[in-house]
1. Scan the range 329-342 and tell me whether some residue there is surrounded by fewer than 20 Cβ atoms within 10 Å (Cβ to Cβ), under 28 Å from V279 (Cα atoms) and within 23 Å of the chain's Cα centre (by Cα).
2. If you check Q389 against the conditions, is it more than 20 Å from V240 (Cβ to Cβ) and surrounded by fewer than 21 Cβ atoms within 10 Å (Cβ to Cβ)?
3. Let me confirm something: among S323, S317, S274, which residue is buried (at least 24 other Cβ atoms within 10 Å of the Cβ) and among the hydroxyl-bearing types (S, T, Y)?
4. When the residues of the range 70-118 are filtered to those that are small (G, A, S) and closer than 18 Å to H25 by Cα, which remaining residue is surrounded by the fewest Cβ atoms within 10 Å (Cβ to Cβ)?
5. Anything in the range 188-246 that is hydroxyl-bearing (S, T, Y), in contact with a Phe, Trp or Tyr (Cβ under 7 Å, 6 or more places away or on another chain) and within 19 Å of A439 (Cβ to Cβ)? List them, or say none.
6. Which of the following residues is out of contact with any Lys or Arg (no Cβ under 6 Å at 6 or more places or on another chain), closer than 14 Å to G403 by Cα and aliphatic (A, V, I, L, M): A337, A352, A307, A368?
7. Confirm whether A229 is free of Cβ contacts under 8 Å to residues at least 40 places away in the same chain and within 28 Å of D324 (Cα to Cα).
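The values are calculated or read from the model by the stated rules, or taken from the named source; none is laboratory data. Source: prediction; values computed, not measured. Because the Cβ atoms are built from the backbone with ideal geometry, glycine has one as well, and the counts that use them run over all protein chains shown.
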Amino acid sequence: MNTTPSGTPGGASRLPADARYLGPHDPHETLDVTLVLRRRLPLDIGLAASAQTLGRAEFAARHGADPADLERLRQFNRQQGLQELDCEPIRRSMDVRGTAQQLQQAFGVTLGRYELTPGGERFIACMEPPVLPDPALIAVLGLDRRPVAKPHFRIAKVQTGTSYTPLELGQLYNFPIGADGSGQTIAIIELGGGYRQGDLDAYFQALGLTTPTISAVSVDGGSNQPGGAADAEVMLDIEVSGALAPAARLLVYFALNTDQGFYNAISRAAHDASQPATVMSISWGGPEDNWNASSRDAMESALADAAALSVTVTAASGDNGSSDGVNDGKPHVDFPASSRSVLACGGTRLNAAAGTINSEVVWNELAASEGATGGGVSDVFALPGWQAQSKVPVAASGFVGRGVPDVSGNADPLTGYRVRVDGRDQIIGGTSAVAPLWAALVALINQRLGHSLGLANPVLYGPASKAFRDITQGNNGSYQAGSGWDACTGLGSPDGAALLSALTTKPGSSAA
């Protein structure tokens, strides 16, 4: 029986109800975990203008980990026999190693071996949330290694019908002319899969483009490993963003599909001073209330760091309609799309001919088992000030929460994107395609503005709110589209040139 240390529980356990217990974990096996700490001073990411001038050194001094907190945790680690492997005060993270027995003792958990399906992938997890033994700790990541997210792409069951290349969608959405993403770096977060350079070269050559500069970044043992189902996600993200912003540098952060891997990928992409990102694209997520509270808090803190460092984060809102794939009859939103620190991306069904959009409605093919855009109201994150005038409905729980999504774009697999995956040409949709679409648009806008948008939401809901194609028809299950913002397609799909003009025009002046 473990002696539980005094401290604060790290939030309710969210181990899936169908997880099958296989037995205790070997108490002598060593595990590496990540300790996430609080900031030295609070961070207000809503101050978008000041965030753009906050340099990394100033950020570290104000919002990195407090040296006193670090020293106190080091003393705790020594008492528990844990070995410190690494510490990055600006990221507020400390990596430590210990045996399963030491970690159980230190954080009041019982580690076991589990599987979600008979004979399926096995993982380490704990039924109870870890106890946080110090007020400086936000989370202990790596004790629960179940998969936390799914890629939000949809492959059309019948590979025929309407489809578009990313370049055609860029033209239909009036992306700014004369911009190619020069000087921009797009960080792409992946929790599995991989890419083959030959496929990318063939794809971009077929589009008449030079292959962008693409680099794989390994995080916590994750790596570029093509050959699995998640390759469709990786290739979609690279090909959409790379085609629309071909001169931008693409950094693909590969991490394991755990809360530890997801957090570290986002945090490292946000804080990488050697190759700083200006935009980050995330096409993975899971139902907001399936997350451990402390893990979700840690993720939110990393996303807020990115916003404060002028990195615009685009995140897919999910492909299972307003339920987000939860079979309890209630609406749910996807995280990290529900974060107040990201630009949440929903989906539409777009039909066009001769370079002109004929119709665009909410993506909802649930009747044909082809998915639907996620969207709804957060039960965790409060309504932000920049959404106060958007008439966001109250959540089913009664919580006054953040509305999802913010923006949208073509996502229906029946009007999908023509991409290349593992040597094959395919048509793929899903809100996974919309996140890199918007990431590329932000990169082009950054280039033309001469500075990074950072947290774009305040200005998109303000001066630029009219620079969208308002989607007024359709629903995603619980929510109906209408004039202005809605919980299906947000503010709407992009008119890139109009958006750039709105962002360029100073208040009180007329657009050029």
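1. no
2. The answer is yes for Q389.
3. Selected residue: S317, the only one of S323, S317, S274 that is buried (at least 24 other Cβ atoms within 10 Å of the Cβ) and among the hydroxyl-bearing types (S, T, Y).
4. The extreme case among them is G112.
5. T211
6. Result of the check over A337, A352, A307, A368: A337.
7. Yes; evaluated as a whole, the condition is true for this residue.
For every residue, the table says whether it meets (1) under 18 Å from G161 (Cβ atoms); (2) touching a helix residue (DSSP H, G or I) at 6+ places or on another chain (Cβ under 7 Å); (3) outside the structural domain of E168 (by TED's automatic domain parsing).
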site	(1), (2), (3)
G318	no, yes, no
S323	no, no, no
D328	no, no, no
V333	no, yes, no
G347	yes, yes, no
N351	yes, no, no
I357	yes, yes, no
E360	yes, no, no
